[in-house]
Amino acid sequence: MKLIFAGTPEFAAQALQAIIDAGHQVALVLTQPDRPAGRGMSLQPSPVKKLALEHGIEVFQPLTLKETVAQEKIAAVGAEVMVVAAYGLILPQVVLDLPRFGCINIHASLLPRWRGAAPIQRALLAGDAETGVCIMQMEAGLDTGPVLLRGAFPIEAADTTATLHDRLAELGGRLVVEALAKLPLPAETQPVAGVTYASKIEKAEALIDWSKSAAELDRHIRAFNPFPGAQALLGGQTVKLWQASPVAGQGEIGRILAVDRSSIVIACGDGALAVSELQKAGGKRLPVQQFLAGNPLKVGDRFDIAA
């Protein structure tokens, strides 16, 4: 099938690879303009652009799809369908209507739950029991279109945004290849009940509130791994917490209840959190034993409490 692919991050690149491997003709790839990154802040291509160039596929990086010149370029391809995955630009109705089968989106949630920008993190933060991928027929609304295919799996106790991302990306690639082979597919209208919105993750959300329960903070740490990292304050200095688990314990919130070679146990609003991997500002992620070697902590010390 002749198609256009629109996407930007690694999640989208995995879907593009699956489509290429399935033998489809990817006539054009749309992706975000190169962005400055790294210590030198030099312009870096997106994962999707890198993959497209490796396969000799033409790449188009418009700032907007609302201009006629961009719409004409897309129309000239004569694609049967456009596949969209975490692209980052709004598709106007004229673009949605161009391909024969319209535009289909790979969305990392079980719609109508978690429409929007950050479905993986929001599912973890909320304590959802499962997550998955929907292949959705796109329309003008935000993730409101009918669902063509869906797949689900349970969220495990140790899952982070990183691990869920990889499993969802693999599932998304498989489902979109299946969908492309079966177009046109019957569409399931999303129910009105159960709609939630996954707003964009803000760095300020990463700060830990020790008044919350240990179970909530466990999910918080896993949701902000790998970005931007759950943050706590200790003596006015930022410390990132990368791995922890809820344990029995009680005490003044933020107070260290126990310290050993494997964990630092900190009192929460309900229960306690055994932290096993930390990172000081400017340092590396370290297991507790190595962290304590350069940052001695003892029972009774307290993490700062947000005002």
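Look at (1) modelled with pLDDT of 95 or more; (2) assigned to a loop (DSSP other than H, G, I, E, B); (3) farther than 24 Å from Gln17 by Cβ; (4) open to solvent by less than 50 Å² (accessible area, probe 1.4 Å) and you find that Gly141 fails only one, number (1). Residues in the range 194-212 that are in contact (Cβ under 8 Å) with a residue 40 or more places away in the chain and either open to solvent by 60 Å² or more (accessible area, probe 1.4 Å) or among the hydroxyl-bearing types (Ser, Thr, Tyr) (or both): 8 in all.
For the criterion of being surrounded by fewer than 23 Cβ atoms within 10 Å (Cβ to Cβ), hydroxyl-bearing (Ser, Thr, Tyr), modelled with pLDDT of 95 or more and more than 15 Å from the chain's Cα centre (by Cα), Thr161 fails. Could you tell me whether any residue of the range 219-236 is closer than 24 Å to Asp128 by Cβ, small (Gly, Ala, Ser) and either part of a loop (DSSP other than H, G, I, E, B) or in contact with a Cys (Cβ under 9 Å, 6 or more places away or on another chain) (or both)? Yes, the range 219-236 has at least one match.
Every residue, every condition in (1) touching a His at 6+ places or on another chain (Cβ under 8 Å); (2) among the hydrophobic types (A, V, I, L, M, F, W, C); (3) at pLDDT 95 or above; (4) not in a helix (DSSP H, G or I), yes or no:
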{"position": "Ala15", "(1), (2), (3), (4)": "no, yes, yes, no"}
{"position": "Val29", "(1), (2), (3), (4)": "no, yes, yes, yes"}
{"position": "Gly40", "(1), (2), (3), (4)": "no, no, no, yes"}
{"position": "Thr64", "(1), (2), (3), (4)": "no, no, yes, yes"}
{"position": "Val83", "(1), (2), (3), (4)": "no, yes, yes, yes"}
{"position": "Tyr87", "(1), (2), (3), (4)": "no, no, yes, yes"}
{"position": "Pro99", "(1), (2), (3), (4)": "no, no, yes, yes"}
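Pairs meeting the criteria (first residue in the range 53-81 and farther than 16 Å from Thr31 by Cα, second residue open to solvent by less than 70 Å² (accessible area, probe 1.4 Å) and among the aromatic types (Phe, Trp, Tyr), beta carbons under 7 Å, at least 6 apart or on different chains) are Glu80/Phe101; Val81/Phe101.
The values are calculated or read from the model by the stated rules, or taken from the named source; none is laboratory data. It should be emphasised that the depicted structure is a prediction, and the values quoted were computed from it without experimental measurement. Cβ sites come from the backbone with ideal geometry, for glycine too, and all protein chains shown count toward neighbours. For accessibility, only protein heavy atoms count, side chains too; no ligands or nucleic acids. Shrake-Rupley method; radii C 1.70, N 1.55, O 1.52, S 1.80 Å.
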